[in-house]
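Engineer: I have a structure I would like to understand better, so I am pasting it below and will then ask my questions one at a time.
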Amino acid sequence: MALLRYTILVVLITISVNLYSQEIKWMSWTEAVAANEKEPKKIFVDVYTDWCGWCKRMDQSTFKDSAVVATMNAHFYAVKINAEQKESIFWREMEFKWVEGGRSGFNSLALELLDRQMSFPSFVTLDKEFARISISPGYKEPPAILKELKYAYEELYRTMTWEEFKAKS
C-alpha cells in the first residue's frame, strides 16, 4: 500500500513538472519554413521588439498558459520575429533586409507581415501556403488568443468573417 501511494505521488509530481515545464516551441522564420516543407501546418508569428513591455508581458503570462502552449504546439509552427532585427531573412528568393528608420529601424519582413502597420506586439497567422489569415495587434490574455487560434486552426475564416465568429462565440 505504501509503495502504491509512493508511486502515485511520483507520477503526480512528474506530471506537474511536465505541465509547468512545457513551453511553446518557438522557431525562427527559416526553421518554420523548413518544417512546413516536411509537414505543412499553419504558422503563428509573434512580431515583437526588445523594448516592448507588452511583448515581454505576453512572454511571461499568455505564452506560458498551458492551454495556449498546447494549442500552439499542436496546430502551429510558432515563430518569433524581432521587427528590428538587423540580420536579413531569406525566403522565396527574396532578401528581407533591415531598413533604417523609425525608432530603431525595422526588418522588411516584419513590415510585410504586418501590412505596413507596425505596432507591438502584433500576431500574424498564416495558412500552410503562407497566405495571411489575420493580423492581430496588441496584448492578449489567454482566452482572447485561444479564440483567435481556434478561428485559424479550425479554418473558420473560410466560412465566416472574424466579426461573425466573435458574435457567435
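Engineer: Per 0.36 nm of contour for each residue apart, how much would the distance between Ala70 and Trp91 grow if the chain were fully extended, relative to their Cα-Cα spacing? Provide the component values of the computation, followed by the final result.
Structural biologist: Values: separation 21, 0.36 × 21 = 7.56 nm, distance 2.80 nm.
Full-extension gain reported as 4.8 nm.
Engineer: Place +1 on the Cβ of every Lys and Arg and -1 on the Cβ of every Asp and Glu in the stretch 25-168, take the dipole about the Cα centre, and give the residue among Tyr139, Thr30, Phe76 whose Cα lies farthest towards its positive end.
Structural biologist: Tyr139
Engineer: How about the stretch 49-153: which GluC sites (Glu not before Pro) there lie in a loop by DSSP and see at most 15 other Cβ atoms within 10 Å? Can you show the working numbers first?
Structural biologist: Numbers: sites: Glu84, Glu87, Glu93, Glu95, Glu100, Glu112, Glu129, Glu148; in loops: Glu84, Glu87, Glu93, Glu100, Glu129.
Filter output for the stretch 49-153: Glu87, Glu93, Glu100, Glu129.
Engineer: Next up: Find how many whole Å separate the alpha carbon centroid of the stretch 133-169 from the alpha carbon centroid of the stretch 18-74.
Structural biologist: The two parts, judged by their Cα centres, are 17 Å apart.
Engineer: Please give the contour-minus-distance gain from Trp54 to Ala34: 0.36 nm per residue of separation, less the Cα-Cα distance, rounded to one decimal in nm. Please report the intermediate quantities before stating the final value.
Structural biologist: On the way: separation 20, 0.36 × 20 = 7.20 nm, distance 2.95 nm.
Full extension from Trp54 to Ala34 adds 4.2 nm.
Engineer: Need one word for the stretch 71-140: rounded, prolate or oblate. Basis is the Cα gyration tensor (sqrt eigenvalues a ≥ b ≥ c); a/c below 1.5 gives rounded, then a/b vs b/c decides.
Structural biologist: Numbers: a/c = 1.97, a/b = 1.34, b/c = 1.47.
Since a/c reaches 1.5 but b/c is at least a/b, the shape of the stretch 71-140 is classed as oblate.
Engineer: Under a Cβ-only charge scheme (Lys and Arg +1, Asp and Glu -1), can you give me the dipole magnitude of the stretch 105-152 about the Cα centre, in debye to the nearest 20?
Structural biologist: Numbers: 6 positive and 6 negative charges, 22 e Å.
Its charge dipole is roughly 100 debye.
Engineer: Going highest first, how would you order 116-127, 64-75 by mean Cβ packing within 10 Å?
Structural biologist: With the highest mean Cβ count within 10 Å placed first, the list reads 116-127, 64-75.
Engineer: Stretch Ala131-Thr159 to full length: gain in nm at 0.36 nm per residue minus the Cα-Cα span? Present the calculation step by step, with values, prior to reporting the outcome.
Structural biologist: Values: separation 28, 0.36 × 28 = 10.08 nm, distance 1.63 nm.
The span from Ala131 to Thr159 would gain 8.5 nm if fully extended.
Engineer: Could you name the lysines whose alpha carbon sits less than 30 Å from that of Lys56, not counting residues in the same chain fewer than 8 places away?
Structural biologist: Here the lysines satisfying the reach criterion relative to Lys56 are Lys25, Lys41, Lys42, Lys64, Lys80, Lys86, Lys97, Lys128, Lys140, Lys147, Lys150, Lys166.
Engineer: How much mean residue ellipticity at 222 nm does the chain get from its helices, if each DSSP H run of length 4 or more adds -39500 (n - 2.57) and you divide by all residues, to the nearest 500 deg cm²/dmol?
Structural biologist: Details: 7 runs with 73 residues, N = 169.
Theoretical 222 nm ellipticity from helices: -13000 deg cm²/dmol.
Engineer: Moving on. For the chain, with a Gaussian network of springs between Cα atoms less than 10 Å apart, report the residue from Lys25, Lys42, Lys80 with the top mean-square fluctuation.
Structural biologist: Largest GNM mean-square fluctuation: Lys25.
Engineer: Something else about it: Could you work out the relative contact order of the stretch 25-168, using alpha carbon pairs under 8 angstrom and six or more residues apart, expressed as a whole percent? Present the calculation step by step, with values, prior to reporting the outcome.
Structural biologist: Details: 222 pairs, mean separation 40.2, N = 144.
That works out to 28 percent.
Engineer: Still on this structure: In terms of Cα to Cα distance under 20 Å, which aspartates and glutamates are near enough to Lys38, apart from those fewer than 8 places away along the same chain?
Structural biologist: Those aspartates and glutamates meeting the cut-off are Glu93, Asp127, Glu129.
Engineer: Please express the Cα-Cα pair-distance distribution P(r) of the stretch 25-168 as a list of whole percents, one per 5 Å bin, running from 0 to the bin with the greatest distance.
Structural biologist: It works out to 2, 10, 20, 23, 21, 15, 8, 2, 0, in whole percents.
Engineer: Moving on. In debye, nearest 20, what is the charge dipole magnitude of the stretch 25-168 about its Cα centre with +1 on Lys and Arg Cβ and -1 on Asp and Glu Cβ, if you could check?
Structural biologist: On the way: 21 positive and 22 negative charges, 70 e Å.
So the magnitude is around 340 debye.
Engineer: Provide Tyr151, Tyr139 in ascending order of the number of other Cβ atoms located within 10 Å of each residue's Cβ, fewest first. Present the calculation step by step, with values, prior to reporting the outcome.
Structural biologist: Values: Tyr151 21, Tyr139 16.
Ordered from fewest to most neighbouring Cβ atoms within 10 Å, Tyr151, Tyr139 come out as Tyr139, Tyr151.
Engineer: Could you compute the FRET efficiency for Arg116 and Ala167, with r as their C-beta to C-beta distance and R0 at 25 Å, rounded to 0.05? Kindly include the intermediate steps, with their values, before the conclusion.
Structural biologist: Numbers: r = 28 Å, r/R0 = 1.14.
Efficiency at R0 = 25 Å is approximately 0.30.
Where a number appears in this text, it was derived from the coordinates with a stated rule and is not lab data. Everything quoted here is computed from the prediction, not taken from an experiment. Don't worry about glycine lacking a Cβ; one is built from the backbone with ideal geometry, like all the others, and counts go over all protein chains shown.
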